[in-house]
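A.B. asks: Once you've had a glance at the structure underneath, I'll fire off some questions.
The values are calculated or read from the model by the stated rules, or taken from the named source; none is laboratory data. Bear in mind that the values here come from a model prediction, so they are computed numbers and not experimental data. All Cβ positions, even for glycine, are placed from backbone atoms using ideal geometry, and neighbour counts span all protein chains on display. Side chains included, ligands, DNA and RNA excluded: accessible areas come from the protein's heavy atoms. Shrake-Rupley method; radii C 1.70, N 1.55, O 1.52, S 1.80 Å.
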Amino acid sequence: MPFKVGERLDYEVRFGSLKVGNGSMEVRDIAEVRGRAVWHTVFKINGGIPLYRVNDLYESWFDVTTLNSLRYHQDVDEGSYERTRRFEIFPERAVYNEVFKKNREMPSVANPLDDGSFLYFVRTVPLEVGKTYEYARYFKAAGNPVRIRVVRRETITVPGGTFKTVVLQPTFQTKGIFSKNGKAEVWITDDDRRMMVQMKSKLSFGSLNLYLRG
């Protein structure tokens, strides 16, 4: 794997060119879910501008071998919008349930990934500039396919240094920063580690940008 326990990427968060907060991506530990060893990752964004604050937390638990997602938590606090969601995902039965919705089972897919684990999954696959890769692995079946377009190679400078990168355009069939309307771009290092060093996404109120700080 290009990542391991203890990896933590810290980001400077900007709305447009204005520095407004901090973010991080962390491989916190190897935990256990329903008897399976899983990567436990945490993605945080905190900051904002007057009258609009963002305090988001995304946690993923996915199988150390298959990367199949088994559990996914969302704590979203953006402006006046707040939402807490807890998902239990069962790859062997291709179903998931949302804990706060009376555990009603919904159709999933055979090898599910959530929003967070998708970022780690992409780091493990070969990417060729000019190609578009399509996956039917998003854990909510209706959210498929997920498309990853490999746009270009680019050398960029961020607070954490200068990096040779591959630029991706991920598109989910859902709402959020990777939705069709978000037009997000992700810069990952063009080496074996595939670290995310920059992310830009257009939102209704402006653009949300992350730059690797350390």
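A.B. asks: How big is the convex hull of the Cα atoms of segment 1-115, per residue, in Å³?
C.D. replies: Working: hull volume 13.1 nm³, N = 115.
For segment 1-115, the hull spanned by Cα atoms encloses 114 Å³ per residue.
A.B. asks: In addition: Calculate what fraction, in whole %, of the accessible area of segment 54-161 sits on carbon and sulfur atoms when a 1.4 Å probe is rolled over the protein chains.
C.D. replies: Numbers: 2540 of 5240 Å².
Carbon with sulfur: 48 percent of the solvent-accessible area.
A.B. asks: Of D114, D10, which has the most accessible area and how do the rest follow, probe 1.4 Å? Don't skip to the answer; put the middle values down first.
C.D. replies: Values: D114 0, D10 35 Å².
The residues order as D10, D114, largest area first.
A.B. asks: Need one number: nm distance between label points at T132 and D192, each 7 Å from Cα along Cα→Cβ, rounded to one decimal.
C.D. replies: Output for this residue pair reads 3.3 nm.
A.B. asks: Please tell me the relative contact order of the chain in percent, rounded to the nearest whole number, where contacts are Cα pairs under 8 Å and at least six residues apart.
C.D. replies: On the way: 550 pairs, mean separation 31.4, N = 214.
So the answer I get is 15 percent.
A.B. asks: Compare the peptides 130-136, 86-92 by average per-residue count of other Cβ atoms within 10 angstrom and give them in order, highest first.
C.D. replies: On the way: 130-136: 12.6, 86-92: 18.0.
The most tightly packed comes first, giving 86-92, 130-136.
A.B. asks: What order do you get for 142-154, 187-199 when each peptide is scored by the mean count of other beta carbon atoms within 10 Å, highest first?
C.D. replies: Values: 142-154: 15.3, 187-199: 18.4.
The packing order, highest mean first, is 187-199, 142-154.
A.B. asks: Which of I89, V42, S69 sits closest to the plus end of the dipole of segment 31-139, meaning its Cα is farthest towards the positive end, when Lys and Arg get +1 and Asp and Glu get -1 on the C-beta?
C.D. replies: Going by the charge dipole, the pick is I89.
A.B. asks: In Å², and per residue, what accessible area does segment 88-129 have when probed at 1.4 Å with the other protein chains present? Could you put the intermediate results ahead of the total?
C.D. replies: Values: 2060 Å² over 42 residues.
Here the per-residue accessible area is 49 Å².
A.B. asks: In deg cm²/dmol, rounded to 500, what helix-only [θ] at 222 nm does the chain give when every DSSP H run of at least 4 residues adds -39500 (n - 2.57) and the total is split over its residues? Mind dumping the intermediate values first?
C.D. replies: On the way: 1 runs with 8 residues, N = 214.
So the helix-based figure for the chain works out to -1000 deg cm²/dmol.
A.B. asks: As a test of the definition: which semi-axes, in Å, follow for the chain when you take the square root of five times each eigenvalue of its alpha carbon gyration tensor? Largest first, please.
C.D. replies: Values: eigenvalues 134, 87, 57 Å².
Listed largest to smallest, the semi-axes of the chain are 26, 21, 17 Å.
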